[in-house]
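Single-structure report; data block below.
The values are calculated or read from the model by the stated rules, or taken from the named source; none is laboratory data. Bear in mind that the values here come from a model prediction, so they are computed numbers and not experimental data. Counting neighbours? That spans all protein chains shown, and the Cβs are built from the backbone with ideal geometry, glycine included.
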Amino acid sequence: MSETVLVIDDQADVRQLIGVALKEAGYRIVEADSGPTGIDAYHANAPDLILLDIGLGSMDGLEVCRQLRALTTTPIIFLTSRTDEVDELVGFAAGGDDYITKPFSPKVVVARVNSLMRRNQRGDENSKTVYTAGPITLDTDAHEVQLDGEPLELTRTEFDLLLALMENPSRVVTREALLQRVWGDWYGDSHVVEVHISRLRNKVKKAGGPSVGVAVRGVGYKLGLDG
Amino acid sequence: MAFIRERQPEVLAEAVRQLSGCSLQQLPEVAHAVSGNVGSYQLPEAHAAVMELRRVLGDPASTAADVEAARSLTLSVLRASESGSTHE
């Protein structure tokens, strides 16, 4: 059965363009033209990935994302026409896994969707493994992270970054290795690593945990845990 | 992508309809949405025209008359593109 992508955008032309491109790539498409109908469509279709426009009407995309994140870790790719929104989207509390700026090429949309879908599949295929480092426990099978035994909510991207660091607890992981590991063959802006690591670090700190994802200037990041 | 070429006239027509039919207060959001549409449907001249409109809208020194002049210019570019794509 085809994997399902939910496209939430109030512009019919955009939904249609994305729909045609992704159908050609073998995906099943569900469309919604507003935040509330998008959340309803999520419940009705359990999509494998969500493309979410920021500039929706009565309920904007960030609010839709917050509501979806309370329900699911399904990957979310933001669509935005505003380059000044990008740092906010990937760096702070929005909860998205990636973003695409409008105007976009249909090929880029397909490549990004393929990349995130493959990440999910890799995660699903991994054998059950639990990693522990200091107060942090990460269970790849349950897709759960605990800090001192308490659940810590992370997005898919934050989870994958933490996993990459916990798999290599005693060495620095280069920015390129993290890009390849988490984003696959997407060759986008490596700035995304920095902002997602920053968001991961802030979440762990806010929950009372140690510093994780410590930057090693000019090289990459190490797990850290140095308090 | 053949689909994009086939849809271009309708996308341009919709852009003209949206930009000409909205109030001055609605124009920033409408121009924002329209710029993404025409750009994604690979209409570079139309996209550049709408981006210029967005630049005028975002300029704190712009008056209502400046914005209406920019809207008018943008619509003339879109209509010219529409006419060109219709007759291709």
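Can you find even one residue in the range B:1-14 that is among the basic types (Lys, Arg), in contact (Cβ under 8 Å) with a residue 40 or more places away in the chain and on the phi < 0 side of the Ramachandran plot?
no
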- line: Out of (1) under 23 Å from residue B:12 (Cβ atoms); (2) within 20 Å of the chain's Cα centre (by Cα); (3) among the charged types (D, E, K, R), the one residue A:3 does not meet is (1)
- request: Identify all residues within the range B:1-49 that are more than 10 Å from every other protein chain (Cβ to nearest Cβ), crowded, with 17+ Cβ neighbours inside 10 Å and farther than 18 Å from residue A:16 by Cα; write none if there are none.
  value: B:16, B:19, B:27, B:30, B:46, B:49
- prompt: Quick one: which helices (runs of 4 or more DSSP H) sit completely within chain B and have at least 3 residues that are more than 25 Å from residue A:109 (Cα to Cα) and in contact with a Cys (Cβ under 8 Å, 6 or more places away or on another chain)?
  reply: none
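Restricting attention to the range B:55-77, does a residue exist that is polar (S, T, N, Q), closer than 20 Å to residue A:102 by Cβ and away from chain A (no Cβ under 14 Å)? Full working, then the answer.
Here is the first cut: in the range B:55-77, the ones polar (S, T, N, Q) are B:62-63, B:72, B:74, B:76.
Subsequent filtering for residues that are closer than 20 Å to residue A:102 by Cβ retains B:74.
Narrowing the set further to residues that are away from chain A (no Cβ under 14 Å) leaves B:74.
Yes, there is a match, as at least one residue in the range B:55-77 is polar (S, T, N, Q), closer than 20 Å to residue A:102 by Cβ and away from chain A (no Cβ under 14 Å).
Show me the strands (runs of 3 or more DSSP E) found entirely inside the range A:1-77 where at least 1 residues are of a type in the set (D, E, K, R) and touching a residue at least 40 places away in the same chain (Cβ under 8 Å). Spell out how you get there, then give the answer.
Details: elements: A:4-8, A:28-32, A:49-53.
Filter on the range A:1-77 gives A:49-53.
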message: Given the condition under 17 Å from residue A:14 (Cα atoms), crowded, with 20+ Cβ neighbours inside 10 Å and in contact with a Leu (Cβ under 8 Å, 6 or more places away or on another chain), answer yes or no: does some residue in the range B:50-70 qualify?
response: yes
statement: Residue hits (the range A:78-111; in contact with a Phe, Trp or Tyr (Cβ under 7 Å, 6 or more places away or on another chain), assigned to a helix (DSSP H, G or I) and either modelled with pLDDT under 80 or surrounded by 23 or more Cβ atoms within 10 Å (Cβ to Cβ) (or both)) are A:86, A:89, A:90
- request: Look through A:55, A:38, A:61 and report the one residue that is crowded, with 22+ Cβ neighbours inside 10 Å, within 14 Å of another protein chain (Cβ to nearest Cβ) and not acidic (Asp, Glu).
  value: A:61
